[in-house]
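Take a look at the structure below.
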Amino acid sequence: MELDKPSLNLTRNDGTYMLTRPVFFVGFMGSGKTSLARRLARSYGVASVDADTYLERREGRKIKEIFASDGEEAFRDVETAVLRELATGDPHLISCGGGVIGREENREILKQQGYVVYLEVTADEAAARIRSTSTRPLFQNMEQARLLNEKRKPLYEEVADVHVQARDKSVSALAHEVASLLIEEGVLCQRPR
Ligand code: S3P
(Lines give C-alpha, C1' and ligand atoms only; values in the text may rest on other atoms or scores of the structure.)
Protein backbone atom coordinates (compact mmCIF):
# COMPACT_ATOMS: atom_id res chain seq x y z
CA MET A 1 0.00 0.00 0.00
CA GLU A 2 1.31 3.41 -0.87
CA LEU A 3 0.17 6.09 1.51
CA ASP A 4 0.36 9.82 0.98
CA LYS A 5 3.78 10.78 2.26
CA PRO A 6 3.90 13.87 4.44
CA SER A 7 6.41 16.46 3.22
CA LEU A 8 9.22 17.28 5.59
CA ASN A 9 9.51 21.02 5.44
CA LEU A 10 6.66 22.32 7.53
CA THR A 11 7.31 23.57 11.00
CA ARG A 12 5.06 21.20 12.93
CA ASN A 13 5.99 18.24 10.78
CA ASP A 14 8.79 17.06 13.00
CA GLY A 15 7.36 13.77 14.21
CA THR A 16 6.01 15.32 17.38
CA TYR A 17 2.37 14.66 16.52
CA MET A 18 0.48 11.39 16.37
CA LEU A 19 -3.08 10.13 15.93
CA THR A 20 -4.67 8.14 18.73
CA ARG A 21 -7.49 6.85 16.46
CA PRO A 22 -8.20 6.73 12.74
CA VAL A 23 -9.90 9.91 11.52
CA PHE A 24 -12.49 9.42 8.78
CA PHE A 25 -13.48 12.35 6.57
CA VAL A 26 -16.97 11.90 5.15
CA GLY A 27 -19.18 14.13 3.03
CA PHE A 28 -20.49 14.50 -0.47
CA MET A 29 -18.31 14.20 -3.57
CA GLY A 30 -16.41 17.47 -3.92
CA SER A 31 -16.65 18.45 -0.25
CA GLY A 32 -12.85 18.63 -0.01
CA LYS A 33 -12.19 15.51 2.11
CA THR A 34 -9.00 14.50 0.29
CA SER A 35 -7.46 17.99 0.16
CA LEU A 36 -8.16 18.50 3.84
CA ALA A 37 -6.70 15.13 4.90
CA ARG A 38 -3.56 15.79 2.81
CA ARG A 39 -3.11 19.28 4.21
CA LEU A 40 -3.42 18.07 7.80
CA ALA A 41 -1.06 15.18 7.10
CA ARG A 42 1.56 17.58 5.70
CA SER A 43 1.19 20.07 8.52
CA TYR A 44 1.29 17.59 11.38
CA GLY A 45 3.51 14.87 9.93
CA VAL A 46 0.90 12.15 10.24
CA ALA A 47 -0.16 9.68 7.54
CA SER A 48 -3.15 10.12 5.26
CA VAL A 49 -4.77 7.81 2.77
CA ASP A 50 -7.50 8.35 0.20
CA ALA A 51 -9.80 5.33 0.41
CA ASP A 52 -10.78 5.50 -3.29
CA THR A 53 -7.16 5.71 -4.48
CA TYR A 54 -6.28 2.81 -2.20
CA LEU A 55 -9.26 0.86 -3.60
CA GLU A 56 -8.22 1.51 -7.21
CA ARG A 57 -4.66 0.33 -6.51
CA ARG A 58 -5.91 -2.73 -4.64
CA GLU A 59 -8.25 -3.68 -7.50
CA GLY A 60 -5.98 -2.54 -10.34
CA ARG A 61 -8.95 -0.75 -11.92
CA LYS A 62 -10.52 2.68 -11.88
CA ILE A 63 -13.79 3.14 -9.97
CA LYS A 64 -15.67 4.07 -13.12
CA GLU A 65 -14.51 0.80 -14.72
CA ILE A 66 -15.73 -1.20 -11.70
CA PHE A 67 -19.11 0.56 -11.90
CA ALA A 68 -19.31 -0.01 -15.66
CA SER A 69 -18.34 -3.67 -15.71
CA ASP A 70 -19.54 -5.04 -12.34
CA GLY A 71 -22.11 -2.50 -11.15
CA GLU A 72 -22.49 -0.36 -8.03
CA GLU A 73 -23.07 -3.23 -5.57
CA ALA A 74 -19.77 -4.85 -6.53
CA PHE A 75 -18.05 -1.50 -5.97
CA ARG A 76 -19.76 -1.18 -2.57
CA ASP A 77 -18.53 -4.64 -1.56
CA VAL A 78 -14.92 -3.65 -2.26
CA GLU A 79 -15.49 -0.29 -0.55
CA THR A 80 -16.56 -2.10 2.65
CA ALA A 81 -13.53 -4.43 2.50
CA VAL A 82 -11.24 -1.41 2.07
CA LEU A 83 -12.91 0.43 4.94
CA ARG A 84 -12.30 -2.56 7.22
CA GLU A 85 -8.64 -2.67 6.20
CA LEU A 86 -8.08 1.04 6.73
CA ALA A 87 -9.94 1.10 10.04
CA THR A 88 -7.43 -1.28 11.59
CA GLY A 89 -3.68 -0.96 11.89
CA ASP A 90 -1.81 2.31 12.37
CA PRO A 91 -4.24 5.24 12.56
CA HIS A 92 -4.40 7.43 9.45
CA LEU A 93 -6.34 10.44 8.26
CA ILE A 94 -8.71 8.65 5.87
CA SER A 95 -10.71 10.43 3.18
CA CYS A 96 -13.70 8.24 2.35
CA GLY A 97 -15.78 8.02 -0.82
CA GLY A 98 -18.99 10.05 -0.55
CA GLY A 99 -21.23 6.98 -0.57
CA VAL A 100 -19.49 5.07 2.21
CA ILE A 101 -22.27 5.94 4.67
CA GLY A 102 -24.88 4.10 2.55
CA ARG A 103 -24.40 0.72 4.20
CA GLU A 104 -25.27 0.20 7.83
CA GLU A 105 -22.26 -2.09 8.17
CA ASN A 106 -19.98 0.76 7.09
CA ARG A 107 -21.64 3.22 9.43
CA GLU A 108 -20.97 0.87 12.33
CA ILE A 109 -17.27 0.59 11.37
CA LEU A 110 -16.97 4.38 11.12
CA LYS A 111 -18.66 4.99 14.46
CA GLN A 112 -16.89 2.24 16.36
CA GLN A 113 -13.37 2.46 14.99
CA GLY A 114 -12.65 6.12 14.50
CA TYR A 115 -13.35 9.78 14.86
CA VAL A 116 -15.59 11.00 12.04
CA VAL A 117 -15.46 14.49 10.53
CA TYR A 118 -18.42 15.39 8.31
CA LEU A 119 -17.65 18.12 5.77
CA GLU A 120 -20.93 19.62 4.65
CA VAL A 121 -21.41 21.22 1.24
CA THR A 122 -24.41 21.69 -1.02
CA ALA A 123 -24.43 19.76 -4.28
CA ASP A 124 -24.09 23.08 -6.13
CA GLU A 125 -20.94 24.05 -4.21
CA ALA A 126 -19.59 20.55 -4.79
CA ALA A 127 -20.19 20.85 -8.54
CA ALA A 128 -18.25 24.11 -8.58
CA ARG A 129 -15.26 22.45 -6.87
CA ILE A 130 -15.17 19.25 -8.93
CA ARG A 131 -12.91 19.58 -11.96
CA SER A 132 -14.35 16.62 -13.79
CA THR A 133 -17.42 14.54 -13.06
CA SER A 134 -16.37 11.89 -15.61
CA THR A 135 -14.57 9.88 -12.91
CA ARG A 136 -17.63 9.98 -10.63
CA PRO A 137 -20.39 7.72 -11.93
CA LEU A 138 -22.90 9.06 -9.39
CA PHE A 139 -22.36 12.76 -10.17
CA GLN A 140 -23.73 12.98 -13.66
CA ASN A 141 -26.28 15.77 -13.39
CA MET A 142 -27.27 18.40 -10.86
CA GLU A 143 -30.73 17.06 -10.14
CA GLN A 144 -29.37 13.62 -9.30
CA ALA A 145 -26.58 15.15 -7.17
CA ARG A 146 -28.95 17.39 -5.18
CA LEU A 147 -31.31 14.50 -4.43
CA LEU A 148 -28.47 12.18 -3.44
CA ASN A 149 -26.88 14.75 -1.13
CA GLU A 150 -30.24 15.41 0.59
CA LYS A 151 -30.88 11.69 0.98
CA ARG A 152 -27.44 11.15 2.49
CA LYS A 153 -27.41 14.08 4.91
CA PRO A 154 -29.05 12.19 7.81
CA LEU A 155 -26.55 9.35 7.32
CA TYR A 156 -23.55 11.71 7.38
CA GLU A 157 -25.03 13.24 10.54
CA GLU A 158 -25.54 9.82 12.09
CA VAL A 159 -21.86 8.87 11.86
CA ALA A 160 -20.36 12.30 12.56
CA ASP A 161 -18.48 13.09 15.74
CA VAL A 162 -18.16 16.59 14.40
CA HIS A 163 -20.02 18.45 11.66
CA VAL A 164 -18.04 21.12 9.82
CA GLN A 165 -19.46 23.60 7.32
CA ALA A 166 -17.10 23.57 4.34
CA ARG A 167 -18.97 26.37 2.57
CA ASP A 168 -16.76 29.26 1.40
CA LYS A 169 -13.77 28.04 3.42
CA SER A 170 -10.29 27.56 2.02
CA VAL A 171 -8.39 24.33 2.65
CA SER A 172 -6.12 26.24 5.08
CA ALA A 173 -9.04 27.63 7.05
CA LEU A 174 -10.66 24.20 7.24
CA ALA A 175 -7.38 22.58 8.25
CA HIS A 176 -6.97 25.10 11.04
CA GLU A 177 -10.53 24.55 12.29
CA VAL A 178 -10.36 20.75 12.11
CA ALA A 179 -6.86 20.51 13.62
CA SER A 180 -8.05 22.51 16.65
CA LEU A 181 -10.98 20.13 17.06
CA LEU A 182 -8.82 17.03 16.73
CA ILE A 183 -6.34 18.37 19.27
CA GLU A 184 -9.13 19.33 21.66
CA GLU A 185 -10.62 15.84 21.37
CA GLY A 186 -7.24 14.19 21.97
CA VAL A 187 -7.34 12.48 18.57
CA LEU A 188 -4.33 14.45 17.31
CA CYS A 189 -1.80 14.89 20.05
CA GLN A 190 1.86 15.36 20.79
CA ARG A 191 3.91 12.22 21.15
CA PRO A 192 5.01 11.53 24.66
CA ARG A 193 8.74 12.30 24.96
C1 S3P B 1 -19.10 8.07 -4.65
C2 S3P B 1 -18.10 8.97 -4.39
C3 S3P B 1 -16.75 8.84 -4.96
C4 S3P B 1 -16.44 7.37 -5.25
C5 S3P B 1 -17.51 6.77 -6.11
C6 S3P B 1 -18.89 6.83 -5.47
C7 S3P B 1 -20.45 8.30 -4.06
O8 S3P B 1 -15.79 9.35 -4.04
O9 S3P B 1 -16.31 6.63 -4.07
O10 S3P B 1 -17.52 7.45 -7.34
O11 S3P B 1 -21.27 7.38 -4.05
O12 S3P B 1 -20.67 9.44 -3.59
P13 S3P B 1 -15.56 10.93 -3.73
O14 S3P B 1 -16.54 11.32 -2.67
O15 S3P B 1 -14.15 10.99 -3.21
O16 S3P B 1 -15.73 11.67 -4.99
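The values are calculated or read from the model by the stated rules, or taken from the named source; none is laboratory data. Source: prediction; values computed, not measured. Because the Cβ atoms are built from the backbone with ideal geometry, glycine has one as well, and the counts that use them run over all protein chains shown. Only protein heavy atoms, including side chains, enter the accessible area calculation; ligands, DNA and RNA are left aside. Shrake-Rupley method; radii C 1.70, N 1.55, O 1.52, S 1.80 Å.
A few comments on the model shown:
- Protection proxy ranking, peptides 104-115, 28-39, 64-75, 46-57, average beta carbon neighbours within 10 Å, highest first: 28-39, 46-57, 104-115, 64-75
- Given a 1.4 Å probe and the protein chains as shown, residue 94 ends up with an accessible area of around 0 Å².
- Accessible-area composition of the chain, carbon plus sulfur, in percent [1.4 Å probe]: 47
- Measuring between alpha carbons in the structure, the pairs from 62/111; 33/169; 64/111; 62/169 lying more than 24 angstrom apart are 62/111; 64/111; 62/169.
- For residue 116, the residues whose amide H sits under 5 Å from its own are 24, 161, 162, ignoring neighbours fewer than 5 places away on the same chain, with H placed 1.01 Å from N.
- Beta bridges assigned by DSSP with both partners in the chain are antiparallel in approximately 20 percent of cases.
- Helix 72-87 axis versus longest C-alpha principal axis of the chain: approximately 10°, rounded to the nearest ten.
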